[in-house]
Amino acid sequence: MDQPSTELLVGSIIVMVFLSAYFSGSETAMMAMNRFRLRHLSNEGNRSAKITESLLERPDRLLSVILIGNNLVNFSAASVATLIAIQIFGDAGVVFAPVACTFVFLIFAEVAPKTIAAAYPEKIALPSSYILKFLLWILFPIVWAVNGFANAILRLIGIRHNEVGDDTLSHEELRTVVFEGSQIAAHPQNMMLGVLDLAKVSVEDIMVPRTEIYGIDIDDELDEIVNQIRSSQFTRLPVFKGQMDNVLGILHLRNAAKFLTEDDLTKSAILQCTEETYFVPENTPLQTQLINFQQRRERFGLVVDEYGDIQGIVTLDDILEEIVGDFTTDMATSSVDIHPQDDGSFLIDGSAHIRLINRQLDWLLPQDGPKTLNGMIIEYLETIPDSTVCMKIEGYRIEILQIQDNRIRTARVSIEPEAF
């Protein structure tokens with residue numbers, strides 16, 4: 001029987017190089033396909049995206065059909081290359097055939113197509129899905145047998161095919177996706193990052209501390225209470241008796257208009273206009289508290305600790321500022337707690353929250369301990385200082401300027417040069 005001509009064999013080798021390149025490129029493109037982009041295209045009705053998504057639901061079957069086709073082509077090409085080498089070089093061609101075949105297939109059927117597929121996975125994976133689906137249907141008995149044997153071996157070592165790979169994103173992974181999203185404008189990106197960070201921040205981190213609560217003591221003189229209401233810059237004021245922990249209700253200033261014009265104003269009339277107090281546990285995550293505000297139709301809550309003592313105030317506006325940022329244009333200069341100095345340092349109130357300082361000045365003061373600058377300094381010194389001292393905490397120079405009532409009222413903070 002006559003052997004096939006060398007030209008025919010070379011032509012078949014070229015065809016098999018293209019087939020091998022197709023299988024190699026398809027494998028890389030399928031595995032490199034962005035699953036969320038694919039799901040988006042599928043939801044928009046893209047047929048090839050739906051087929052690709054269905055193939056990737058069982059990656060073991062997809063890889064099996066690709067590898068069966070690729071190995072069949074490669075082994076056939078090796079045999080044909082051996083015949084060509086024998087025809088040209090005789091028996092010595094058996095030595096040259098594997099070397100030449102490995103070089104050609106490595107360059108043109110592996111490295112080049114996989115590099116292209118990794119760079120343009122969508123352009124290769126989506127059209128290939130039709131061919132791969134057809135091949136999977138044709139070769140399904142072989143794929144089923146190969147998968148069954150392979151999965152049996154995997155089960156022996158404690159691995160199941162449905163446990164390999166996970167398309168779900170963790171909180172931090174999703175944050176990274178949003179942060180690295182080059183096509184997202186800066187402001188919407190910051191808002192999305194703010195929403196994701198709500199779960200990591202508690203009410204205690206953003207509340208107005210107890211020492212700064214502006215409220216009405218019903219035991220004060222009536223004229224003093226009226227003047228306090230009229231001069232208030234806040235829309236809601238806690239009404240308490242004697243001390244802050246004895247809260248009677250919350251007075252909304254729009255309700256105050258009902259009794260401020262009365263000639264026979266009494267304290268009872270003021271109490272009748274107060275609303276029920278909404279108490280919030282201090283460790284409540286902001287994400288949860290935002291939902292609680294929405295469900296209860298509330299905008300204002302008093303923060304309490306585990307003993308029921310009032311620790312501060314949290315409002316809906318405070319949570320919204322965590323998402324969209326402060327409602328001012330120049331945060332550092334508008335903050336009543338932070339005052340920039342000509343030498344580059346900042347005079348900061350000891351009660352200022354560290355998160356607020358970091359956000360407004362783009363600093364990295366430690367946030368895993370105390371919530372305020374005063375608390376951070378006292379924790380570092382392990383005592384309440386009785387005189388002005390200077391210290392360095394994680395690259396920040398802190399000089400205590402004023403101490404009053406066992407707490408640090410004002411400190412000068414700057415970045416040490418070596419911190420850059």
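Residue by residue, what Karplus-based ³J(HN,Hα) values in Hz, rounded to whole numbers, does the stretch 12-18 have, using 6.51, -1.76 and 1.60 with θ = phi - 60° and x for Gly and Pro?
Result, ordered by residue: 5, 4, 4, 4, 5, 5, 5 Hz.
Can you give me the long-range amide H partners of GLU282? Hydrogens built in the peptide plane at 1.01 Å from N, cutoff under 5 Å, separation of 5 or more residues or another chain.
VAL304
Taking the beta-carbon count within 10 Å as an exposure proxy, list MET16, MET244, MET376, MET391 from fewest neighbours to most. Spell out each step's value before the answer.
Values: MET16 21, MET244 17, MET376 24, MET391 14.
Fewest to most other Cβ atoms nearby, the residues stand as MET391, MET244, MET16, MET376.
Quick check: net charge around PRO127, other residues with Cβ under 13 Å of its Cβ, Lys/Arg +1 and Asp/Glu -1?
Net charge in that neighbourhood comes out at +2.
Relative contact order of the stretch 225-264, please, whole-number percent, based on alpha carbon pairs below 8 angstrom and at least 6 residues apart.
34
Would you please give the FRET efficiency between LEU154 and GLU306, computed as 1/(1 + (r/R0)^6) with r the Cβ-Cβ distance and R0 = 51 Å, to the nearest 0.05?
0.55
For the stretch 208-214, just list the computed ³J(HN,Hα) in residue order, Karplus coefficients 6.51, -1.76 and 1.60, θ = phi - 60°, integers in Hz, with x standing in for Gly and Pro.
Calculated HN-Hα couplings, in order: 6, x, 4, 5, 10, 6, 9 Hz.
May I ask you to list the GluC sites (Glu not before Pro) in the stretch 23-64 that are in a DSSP loop and have at most 11 other Cβ atoms within 10 Å of their Cβ?
Of the GluC sites (Glu not before Pro), the ones in loops of the stretch 23-64 whose Cβ has at most 11 other Cβ atoms within 10 Å are GLU44, GLU57.
Return the Rg/Rh ratio of the stretch 203-324 with Cα-based radii and a Kirkwood Rh.
0.99
In whole Hz, what ³J(HN,Hα) sequence does the stretch 104-109 give by Karplus (6.51, -1.76, 1.60; θ = phi - 60°), x for Gly and Pro?
The phi angles translate into 4, 6, 5, 7, 8, 10 Hz.
Which of the three applies to the stretch 6-163, rounded, prolate or oblate, going by the alpha-carbon gyration tensor with a ≥ b ≥ c and a/c under 1.5 meaning rounded? Don't skip to the end; give the middle numbers.
On the way: a/c = 2.51, a/b = 1.68, b/c = 1.49.
Prolate shape, in that a/c is at least 1.5 and a/b is the bigger ratio.
Within the stretch 342-357, list the residues whose amide N lies under 15 Å from a label point set 7 Å along Cα→Cβ of GLU379.
What the label zone holds, given the 15 Å backbone N cut-off, is 351-357.
Using DSSP to define loop residues, name the GluC sites (Glu not before Pro) in the stretch 277-328 whose beta-carbon has at most 10 other beta-carbon atoms within 10 Å. Spell out each step's value before the answer.
Working: sites: GLU282, GLU298, GLU306, GLU321, GLU322; in loops: GLU282, GLU298, GLU306.
Loop-located and lightly packed - GLU306.
Would you pull out the residues with amide H under 5 Å of GLY249's amide H, same chain only if 5 or more places away, H placed 1.01 Å from N?
VAL239
Quickly work out the SER232-to-ILE142 label distance, labels modelled 7 Å from Cα along the C-beta direction, and quote it in nm with one decimal.
So the two model labels end up 8.1 nm from each other.
Any chance you could check the Cα centroid distance between the stretch 9-28 and the stretch 362-388 for me, in angstrom?
The distance from the Cα centre of the stretch 9-28 to that of the stretch 362-388 comes to 66 Å.
Going by the alpha-carbon gyration tensor, a ≥ b ≥ c the square roots of its eigenvalues, is the stretch 331-419 rounded (a/c under 1.5) or, if a/c is not under 1.5, prolate (a/b greater than b/c) versus oblate?
Numbers: a/c = 1.35, a/b = 1.28, b/c = 1.06.
Judged from the Cα gyration tensor, the stretch 331-419 comes out rounded (a/c under 1.5).
Quick one: SER24, SER232, fewest Cβ neighbours within 10 Å first, how do they rank?
Working: SER24 23, SER232 16.
Going from sparsest to densest Cβ surroundings: SER232, SER24.
Which far-off residues, 5 or more places away or on another chain, put their amide H under 5 Å from the one on GLN402, with H placed in the peptide plane?
ARG409, THR410
Where does each of CYS101, CYS273 land when they are ranked from fewest to most other beta-carbon atoms within 10 angstrom? If you can, show how the numbers build up before the last one.
On the way: CYS101 22, CYS273 17.
With the fewest neighbours first, CYS101, CYS273 line up as CYS273, CYS101.
Please state the relative contact order of the chain as a whole percent: Cα pairs under 8 Å, 6+ residues apart?
Here the relative contact order equals 11 percent.
Summing Lys, Arg as +1 and Asp, Glu as -1, what charge do residues with Cβ under 11 Å from the Cβ of THR235 carry, THR235 excluded?
Values: positive: ARG236, ARG254, ARG299; negative: ASP317.
Charge balance in the 11 Å sphere: +2.
Based on the alpha-carbon set only, what is the convex hull volume of the chain divided per residue, in Å³?
Details: hull volume 113.3 nm³, N = 420.
In the chain, the Cα hull volume divided by residue count equals 270 Å³.
Every read-out reported here was derived from the displayed coordinates using simple, explicitly stated rules and does not represent laboratory data. Predicted model only: the values in this text are computed from it and were never measured. Glycine also receives a Cβ, built like all others from the backbone with ideal geometry; neighbour counts cover every protein chain displayed.
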